[in-house]
1. Can you tell me which residue in the stretch 147-197 is nearest to ILE4 (Cα to Cα), limited to those that are in contact (Cβ under 8 Å) with a residue 12 or more places away in the chain and of a type in the set (Lys, Arg)?
2. Considering (1) part of a helix (DSSP H, G or I); (2) under 20 Å from the mean Cα position of the chain (by Cα), say which one ASN120 fails and leave the rest.
3. Quick one: is VAL132 surrounded by 18 or more Cβ atoms within 10 Å (Cβ to Cβ), of a type in the set (A, V, I, L, M, F, W, C) and touching a strand residue (DSSP E or B) at 6+ places or on another chain (Cβ under 6 Å)?
4. Quick test of your reading of the structure: ARG100 fulfils all but one of (1) among the charged types (D, E, K, R); (2) in a strand (DSSP E or B); (3) within 30 Å of GLU144 (Cα to Cα). Name the failing condition by number.
5. Residue pairs, Cβ under 7 Å, 6 or more apart or interchain, first in the stretch 106-135 and under 16 Å from ILE190 (Cα atoms) and at pLDDT 90 or above, second assigned to a loop (DSSP other than H, G, I, E, B) and basic (Lys, Arg). List them.
6. Among the listed residues ALA73, ALA114, identify the single one that is within 30 Å of PRO142 (Cβ to Cβ), of a type in the set (A, V, I, L, M, F, W, C) and surrounded by fewer than 20 Cβ atoms within 10 Å (Cβ to Cβ).
7. Can you work out which of the residues in the stretch 48-64 that are outside any helix (DSSP H, G or I) and small (Gly, Ala, Ser) is nearest to SER28 (Cα to Cα)?
8. Among SER94, SER45, which is buried (at least 20 other Cβ atoms within 10 Å of the Cβ), in a loop (DSSP other than H, G, I, E, B) and at pLDDT below 95?
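The values are calculated or read from the model by the stated rules, or taken from the named source; none is laboratory data. Owing to the predicted nature of the structure, the values given are computational and were not obtained by experimental measurement. Note that each Cβ is placed from the backbone with ideal geometry, even for glycine, and that neighbours are counted across all protein chains shown.
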Amino acid sequence: MQKIIELKNIAKAYKIGTEVIHALRSVSLDIYKNEFVALMGPSGSGKSTLMNVLGCLDSPSSGEYILNGKSVAKMLDNELAEIRNKEIGFVFQSFNLLPRSTSLDNVMLPLVYAGFSKENRIKRAKEVMEQVGLGERIMHKPNELSGGQRQRVAIARALVNNPAIILADEPTGNLDSKTSVEIMALLEDIHKQGNTIILVTHEEDIAQHAHRIVRLKDGEVERDYKNENITTVGSRLVH
């Protein structure tokens with residue numbers, strides 16, 4: 001199996017006034033291509049900090065992060081920006097959509113930064129909107145969509161550049177249970193198509209969709225194990 005992420009003794013400390021907060025303490029973790037991993041833990045366990053480090057949104061205080069064989073610490077700002085745009089797709093709890101833009105424009109945004117022509121941006125964005133079952137909602141703005149539809153738009157945006165890794169931070173946190181199941185079905189299908197998925201959640205039932213579960217506590221890996229009781233739901237992707 002191809003190792004896509006390698007974390008070696010990653011630590012992250014924040015100074016707040018005179019107090020030092022240790023969000024991560026010597027985390028070592030390998031993630032392989034096409035894995036579906038859940039990062040679990042209660043509030044304050046360090047899972048969101050770890051997610052930010054994995055997504056190149058934050059730098060560790062110490063330790064080494066190897067992404068696709070390259071040391072992240074040695075990358076220039078423009079290289080990191082390119083990785084965030086092309087190699088990693090982000091899905092957030094709060095959707096992070098531009099409120100005044102259509103679904104299509106929201107999905108196209110990463111392609112603008114990637115330098116695609118307008119014609120190719122529209123073509124590719126429409127493809128992924130169809131893929132997540134929102135082909136008829138491309139001109140709707142976020143306030144005209146349900147929570148589940150907004151998260152589908154966010155997933156389409158994450159997929160539009162064909163990233164190797166999808167980072168999903170509490171993707172069902174703002175959704176009801178029925179819609180949560182639909183979103184997890186969509187993530188399962190994306191995983192089956194070859195993406196590596198890293199899911200951050202504090203919900204046990206959501207974590208059970210992952211094939212491997214990493215439990216964090218007080219900034220450290222408490223347990224890292226294969227999920228023997230994977231929850232699966234029906235396909236939600238349009239092929």
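1. The qualifying residue nearest to ILE4 (Cα to Cα) is ARG157.
2. So ASN120 meets the others, but not (2).
3. Numbers: surrounded by 18 or more Cβ atoms within 10 Å (Cβ to Cβ): yes; of a type in the set (A, V, I, L, M, F, W, C): yes; touching a strand residue (DSSP E or B) at 6+ places or on another chain (Cβ under 6 Å): no.
For VAL132, the condition - surrounded by 18 or more Cβ atoms within 10 Å (Cβ to Cβ), of a type in the set (A, V, I, L, M, F, W, C) and touching a strand residue (DSSP E or B) at 6+ places or on another chain (Cβ under 6 Å) - is not met.
4. (2)
5. The qualifying pairs are GLY133/ARG236.
6. Values: ALA73 fails: within 30 Å of PRO142 (Cβ to Cβ).
Residue meeting the stated conditions: ALA114.
7. The initial filter retains those residues of the stretch 48-64 that are outside any helix (DSSP H, G or I), namely 55-64.
Pick out the ones that are also small (Gly, Ala, Ser) and you get 55, 59, 61-63.
On the way: GLY55: 16, SER59: 15, SER61: 14, SER62: 12, GLY63: 9 Å.
Once the filter is applied, the top-ranked residue is GLY63.
8. Values: SER94 fails: buried (at least 20 other Cβ atoms within 10 Å of the Cβ).
After applying the criteria, what remains is SER45.
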